[in-house]
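Since the structure comes first, as structure tokens, the remarks are kept for the end.
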Amino acid sequence: MVIAEILGGLGNQLDAYICGYTVAKYLDQELVLDVSDYTLRGYIHPYCLDNLQIGSHRKLIYPPASSGFMDESCLPEDLRANNLRIIRHEDYKTRETLLAAAEGAENIYLLGYGGPHYCTQEERDKFRERLQPRTPSIAVRQFREKIQREYSVAVHLRRTDFVDLNCHAPVKYYQAAITYIKQIYPDAHFYFFSDDIQYAKSQFGPFENYHFVHLLGGMDANLDEFFCISACNGRILTAQSSYGFWAAELSQSSNQINLCQKTEKNSRDIRNQICLNDEQIDAFSRRYETKLVSQQQISVNDEVLSLIEEARNDEAVALVDQVSLDSYRLSKAETKELALFKTIALAQKGEDGLPAALRTFYVQMQREHEDATFHANYFRALYQSGYIEESAIHAALANRYGDPEDYQEYFAQMAPFGQKLYQLLQTKPVRHFIFFPMEGWNYYTPYVKTLALLLARMGQKVSFFQPMGGTVRDDVSDEMAARYALENIRSVGSVYCFHVDLIPCLSKGSKGKENYKTLFHELVSQCVDRFPLPAVAVVSHPDVFLEQKVSGIPYVVPDIFDPLNREKFLLSSNIETYITYMAEHADTIFLSGAALPAARKIWGSKIHPAFPAWEGPSHRILDMELDFTYNYISLPQMIQNAAALLEV
């Protein structure tokens, strides 16, 4: 058996998969995909591979055994003990050395990102056919028809995390690349794709033969746009983007050009690649010319709505996709409405459209969190799909934001917890949950962060203090430092984050533990004053109690024993000491497992039962397909834990 660790976004997933497939085929063994990053660690991107023509593979899932990243210590001990040969891709730079390391092993675990350099050219050519969508979407089919009579060029502007990492390409690189291609194909059409399409529109504007593709569909749109990029004749790529590389690698165009910016880290061998160096970029960008064209606003919203009302759902989806292929003329308000209309049309298709509708609703929730119509439609899609607990959340929010329908009858007979949650969200006032975790915000949303996300999803105000957000001088007053922290709130923007405010938790002094003084007390005081809602402090960081607690606020400690709670790995002392300390200072503490009865004997009503998100063996290998997982934020146990916090 060969187990491949699947991780990262779509490009990284493809890197890891083809490496695992190559090794398994060479050894004539079964390939198993480790998808724990997506099912049990809360990675911010969805798993996508089962939407491709890769065939059936069993899946390995397990809670992490440590807080490491790409580290064998994350694997359960009994899995490691089963004659498992662990191979790190980074230790083997060539195909020959990798296969030699795998030779003779009964069970292999491939750790890390992998990459196409482990494949022969013949294997890469075969992957070009294998890694295609199982069922091309309406949007991809329409795009292929649109570009078939022209020389089409995809312009991929990778932003978001690349901006944070300072490896995004400058505007003049794209201008130079467009100029270069126009020398060869003067009438080429340029299709802009970006994870920040508004930036692309603002930088490149309404010029002749420029089109801005902004497919509406959340997680599905990411995959659809990938295959639209791949369908083009040529591509202007962001260097180091595996997403763009694979779009080029899987392209079946016979006359393609793939342009990149030459950097020190150009490590990918892209077919028909041309790298522009700094001198070329300067020279070509100076010759960049465009022709402005008028762009009148268009509106198909009424037409789409009429199609939905007549249950002509496929036509409604096709019309939305058609205008999304050239979205510059759509206003933000129209785009927002069309996204909702498309989702409703998908949901109305029933079993055929509900999975795509749920994925689209899930992403739209970032923007529509106070829209009654949105929540009412999301409720129906979840309820029809059997996600009763989740549906109760959105039924209650639909009521809160103005929908007069009584949803009580939906939950009365079928789902006791769904009924309870609906009533809880109906009757409890909105509160401000202030999280003091041991682990900051990153690309993963494990246990404590998932509680924060679920509470925000349930319509609560949530602040999340980032541990070690910065250090200030000892002569700076606590009041001033706390004010600075609260003035630097930023909202999380990824697809798994529902309006959680991140606040840097500043510290005074940095010369060892004895001089480490936190500002928790002042931070809580000012936070409570700034947001006039009843507050609850959710505390897993024990240093919170170094300062006097703010009176009138319940302090709650989440379950440290849950197998998915990474924070237990970060405790400097043993867990028993931690529980004793936290129970002495907190008002309420949640526990699960063997520790619960013993703790209740000592601390009585302070201790409440939690619902473990993972129960049973340390790992499982399952026959299943994953349809764009959005991690364990939807597990009933996690929803029950968030509901328990609502009841505090």
- Item | Magnitude of the charge dipole, segment 428-610, Cβ model with Lys/Arg +1 and Asp/Glu -1, debye to 20 | 440
- Residues S618 and A595, FRET efficiency given R0 of 25 Å [Cβ-Cβ distance, rounded to 0.05]: 0.85
- Within the P(r) computed for the chain, what percentage of the Cα pairs occupies the region above 51 Å? 13
- Taking H432, H369, H156 and counting other beta carbon atoms within 10 angstrom, the fewest-first order is H369, H432, H156
- Query: What does the charge count near S306 come to, summing +1 for each Lys or Arg and -1 for each Asp or Glu among other residues with Cβ under 12 Å from its Cβ?
  - Reply: -4
- Note on the structure: Nearest 10, in degrees from 0 to 90: the angle of helix 121-130 to the longest Cα principal axis of the chain is 70
- Message: For Cα pairs less than 8 Å apart in space and 6+ apart in sequence, what is the mean separation divided by the residue count of segment 18-104, i.e. the relative contact order in percent?
- Response: 24
- Using helices alone, what [θ] at 222 nm do you get for the chain, with -39,500 (n - 2.57) per DSSP H run of 4 or more residues, divided over all residues and rounded to the nearest 500? -12000 deg cm²/dmol
- Item | Amide hydrogen neighbours beyond the local backbone of V32, cut-off 5 Å, H modeled | V2, I3, A4
- Which is the longest part of the chain that has none of the trypsin sites (Lys or Arg not before Pro) sitting in a DSSP loop with at most 10 other Cβ atoms within 10 Å? 292-472
- Task: Could you tally the net charge around A396, taking each other residue with its Cβ under 12 Å from the Cβ of A396, Lys/Arg +1 and Asp/Glu -1?
- Result: -1
- Query: Would you list S618, S491 from fewest to most Cβ contacts within 10 Å?
  - Reply: S491, S618
- Item | In sequence order, calculated HN-Hα J values of segment 418-424 (Karplus, 6.51, -1.76, 1.60; Hz; x Gly/Pro) | x, 5, 4, 5, 4, 5, 4
- Query: So between E310 and K420, what do we pick up on full extension, going 0.36 nm a residue minus the alpha carbon distance?
  - Reply: 36.0 nm
- Message: Quick query: amide H of V557 versus all other amide H atoms, modeled in the peptide plane; which residues come in under 5 Å with a sequence gap of 5 or more or a different chain?
- Response: V539, T588, I589, F590
- Note on the structure: Taking every other residue with Cβ under 15 Å from the Cβ of D71 and scoring Lys and Arg +1, Asp and Glu -1, one gets -3
- Message: Please give the charge dipole size of the chain, origin at the Cα centre, charges +1 on K and R Cβ atoms and -1 on D and E Cβ atoms. Round to the nearest 20 debye.
- Response: 820
- Query: Non-local amide H neighbours of R85 (under 5 Å, H modeled in plane, Pro and chain starts lacking H): which ones?
  - Reply: N107, I108, Y109
- Degrees, to the nearest 10: 520-530 long Cα axis against longest axis of the chain: 70
- Query: Residue by residue through segment 7-22, which ³J(HN,Hα) values in whole Hz follow from phi under the Karplus form 6.51 cos²θ - 1.76 cosθ + 1.60 (θ = phi - 60°), with glycine and proline marked x?
  - Reply: 8, x, x, 4, x, 5, 4, 5, 4, 5, 5, 5, 5, x, 5, 5
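The numbers here are math on the coordinates, done by the rules we state, and not lab data. Only a predicted model underlies this, so the values are computations on that prediction, with no experimental measurement involved. FYI the Cβ positions are ideal-geometry reconstructions off the backbone, even for glycines, and counts take in every protein chain you see.
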